[in-house]
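Since every read-out is calculated from the coordinates, none of them should be taken as a lab result. Predicted, not measured: the structure shown is a model, and the values here were computed from it. Cβ atoms come from the backbone with ideal geometry, glycine included; neighbour counts cover every protein chain shown.
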Number of protein chains: 2
Amino acid sequence: MLTLYSHPFSPHCRFVRLVLGEYDIGAREIEEKPWERRKNFLMLNPAGDIPVVVENDGPAICGAAIIMEYLDETRGYRFPKKRLLPDSPETRAETRRLVSWFLEKMDRECVGALVREKIYKLDMPPDMGGGPPDSAAMRAARANLKHHLRYIGYLAASRNWLSGSTLTFADLAAAAALSSIDYLGEVPWDEDANAKTWYARIKSRPSFRTLLADVVRGLPPAANYLDLDF
Amino acid sequence: MLTLYSHPFSPHCRFVRLVLGEYDIGAREIEEKPWERRKNFLMLNPAGDIPVVVENDGPAICGAAIIMEYLDETRGYRFPKKRLLPDSPETRAETRRLVSWFLEKMDRECVGALVREKIYKLDMPPDMGGGPPDSAAMRAARANLKHHLRYIGYLAASRNWLSGSTLTFADLAAAAALSSIDYLGEVPWDEDANAKTWYARIKSRPSFRTLLADVVRGLPPAANYLDLDF
């Protein structure tokens with residue numbers, strides 16, 4: 001049995017949930033609010049970050065990219081035709097580069113700020129980082145988001161999927177990140193038709209359904225969040 | 001033939017150079033100053049970060065953790081007795097967690113600021129981020145460094161090497177990061193005897209020699225930087 005410590009709107013956790021869905025792995029989910037710095041959680045992951053996965057009585061597997069490698073090593077070989085990490089070292093490196101781009105760089109430059117300011121802060125006490133949204137941070141994030149969306153559009157137009165001819169972890173990482181802020185209506189889809197078409201393809205996959213079912217208390221999803229033909 | 005784009009005092013690049021040394025891989029090194037955002041370099045790695053590795057006419061392999069996986073996949077199997085990534089998925093995850101800890105978290109919280117303020121800024125034009133060192137950033141970094149050194153000491157005392165019974169990428173990542181600021185005399189070795197003993201062991205390895213030969217123009221190394229019994 002696999003246990004996933006996660007938050008419903010964390011892009012990193014959504015990525016792991018998509019991977020679980022694609023590899024058909026059942027998991028028990030425990031909601032973790034990382035800003036609480038819960039003592040028992042810090043014993044699992046001294047860095048205090050989500051997601052964390054624990055399999056049976058095994059050690060904690062910490063961090064989205066590391067969980068991705070773990071799930072691929074322990075389950076990926078069962079899916080030779082839809083394995084999410086390609087075969088050759090060079091194409092694996094390209095998939096990993098894009099996962100890092102979407103989960104680290106894009107998170108740092110736009111997605112992370114929007115999720116924090118508009119979702120996490122609703123729930124954070126003032127002494128744990130709460131307070132009104134920082135409008136300067138959101139403005140900067142929105143400007144950066146356009147560049148990232150165009151990069152996704154460029155990749156989607158020049159390849160079949162973002163990292164090459166098949167669906168990989170790179171697509172799931174980008175889609176997970178965008179989904180968190182699509183809930184907020186923050187993705188300017190009209191800026192890039194290729195990015196929009198690519199997202200519509202991935203949004204209709206069965207693994208996406210659990211993400212679409214999440215809600216923020218007191219903050220309904222944007223009009224097109226649930227729409228597969230947005 | 002392998003080409004490495006790197007900077008002599010970048011902790012991430014030093015990590016890759018240690019891996020090349022341990023796996024006995026020859027490489028041509030090209031010095032890259034990432035703050036210049038050189039156009040031809042951005043075509044290799046749109047993120048603009050170092051290190052980048054190119055093998056023959058192959059694609060660019062970007063980023064320390066991704067180069068680590070690439071070198072392990074293409075060379076690691078030749079070293080069954082001294083492979084730097086362990087065998088089981090759980091122990092691999094622990095090694096990767098620590099690599100991420102030392103190259104990302106420790107870099108963000110202390111090492112990165114000291115290298116930037118005291119080494120990179122000597123060479124950066126004002127319009128590319130240059131200027132006098134930021135003393136508040138350095139003070140915060142020094143305070144955080146003590147915690148990281150104690151964590152390394154704790155790991156070294158409870159295991160044979162940082163990630164378990166054998167030398168792994170985790171040791172090379174921690175040692176690479178510390179070596180960049182040990183040049184500056186910034187590591188308070190007296191704070192933790194276990195960390196110091198572990199570092200002395202790894203510093204005496206042949207793979208470390210090229211790091212010890214690097215110098216910053218106009219800034220000689222701290223007294224004990226070259227000393228194997230510091």
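Restricting attention to chain B, close to 70% of DSSP beta bridges with both partner residues there are antiparallel. Neighbouring Cβ atoms from other chains, within 10 Å of the Cβ of residues in A:71-84, number 1 on average. Comparing B:Pro51, B:Pro86, B:Pro126 in a Gaussian network model of chain B where C-alpha atoms under 10 Å apart are linked, the largest mean-square fluctuation is found at B:Pro126.
For region B:17-30, the Karplus equation 6.51 cos²θ - 1.76 cosθ + 1.60, evaluated at θ = phi - 60°, returns couplings of 5, 5, 5, 4, x, 5, 8, 6, 10, x, 8, 8, 9, 10 Hz by residue, with Gly and Pro reported as x. Across region A:43-48, rounded Karplus estimates of 3J(HN,Hα) from the backbone phi angles (6.51 cos²θ - 1.76 cosθ + 1.60, θ = phi - 60°) give 6, 6, 9, x, 6, x Hz, Gly and Pro being marked x. Just checking the listed ones, A:Leu184, A:Leu219, A:Leu85: in the Gaussian network model of chain A with Cα springs under 10 Å, the one fluctuating most is A:Leu219. Across region B:93-230, the mean sequence separation of Cα contacts (distance under 8 Å, 6 or more residues apart), normalised by length, yields a relative contact order of 25 percent. Farthest toward the positive end of the dipole of the protein assembly as shown, out of A:Cys13, A:His147, A:Pro89, is the Cα of A:Pro89, where the dipole comes from beta carbon charges about the Cα centre.
Loop-located trypsin sites (Lys or Arg not before Pro) in region B:149-216 (DSSP state not H, G, I, E or B) with no more than 15 neighbouring Cβ atoms inside 10 Å: B:Arg159. Amide H contacts under 5 Å for A:Glu32: A:Ser6, A:His7, restricted to partners 5 or more places along the chain or on a different chain, H placed in the peptide plane at 1.01 Å from N.
For the pair region B:157-205 / region A:35-110, the C-alpha centres are spaced 26 Å from each other.
Placing a label point 7 Å from the Cα of A:Asn160 along the Cα-to-Cβ direction, the distances to the matching points in the other copies come to 4.6 nm, shortest first. Both radii come from the Cα set of the protein assembly as shown: Rg as radius of gyration, Rh as Kirkwood radius; their ratio Rg/Rh reads 0.95. Within region B:2-78, DSSP assigns beta bridges of which about 65% are antiparallel (rounded to the nearest 5).
Kindly identify chain A as rounded, prolate or oblate by the Cα gyration tensor criterion: order the square roots of the eigenvalues as a ≥ b ≥ c, call it rounded if a/c is under 1.5, otherwise compare a/b with b/c, prolate if a/b is larger, else oblate. Note, shape of chain A comes out oblate. Expressed per residue, the C-alpha convex hull volume of region B:2-78 stands at 83 Å³. Of the trypsin sites (Lys or Arg not before Pro) in region A:1-89, the ones in a loop by DSSP (not H, G, I, E or B) with at most 14 other beta carbons within 10 Å are A:Arg37, A:Arg38, A:Lys81, A:Lys82.
Ranked from shortest, the separations from the 7 Å Cα-to-Cβ label point of A:Pro126 to its equivalents in the other copies are 4.2 nm.
Summarising the amide proton neighbourhood of A:Leu226: residues at separation of 5 or more, or on other chains, whose placed amide H is nearer than 5 Å comprise an empty set. Here region A:60-153 is described by how far its Cα atoms reach on the three principal axes: 48, 34, 17 Å, from widest to narrowest.
Rounded to whole numbers, the Karplus 3J(HN,Hα) couplings from phi for region A:156-164 are 5, 7, 9, 9, 6, 10, 4, 9, x Hz, using 6.51 cos²θ - 1.76 cosθ + 1.60 with θ = phi - 60°, and x at Gly and Pro. Kirkwood radius and radius of gyration were both taken over the C-alpha atoms of region B:89-213, and their ratio Rg/Rh is 1.00. For region B:85-168, averaging the sequence separation of C-alpha pairs within contact (under 8 Å, six or more residues apart) and dividing by the residue count gives a relative contact order of 28 percent. Ascending distances from the B:Ala137 label point to its copies in the other chains, with the point 7 Å along the Cα-to-beta-carbon line: 1.9 nm.
Only Cα pairs under 8 Å and 6+ residues apart enter the sum, and on that basis the relative contact order of chain A stands at 22 percent.
Amide H to amide H distances under 5 Å link A:Trp161 with A:Thr166, where only residues 5 or more positions off or on other chains count and H is placed in the peptide plane.
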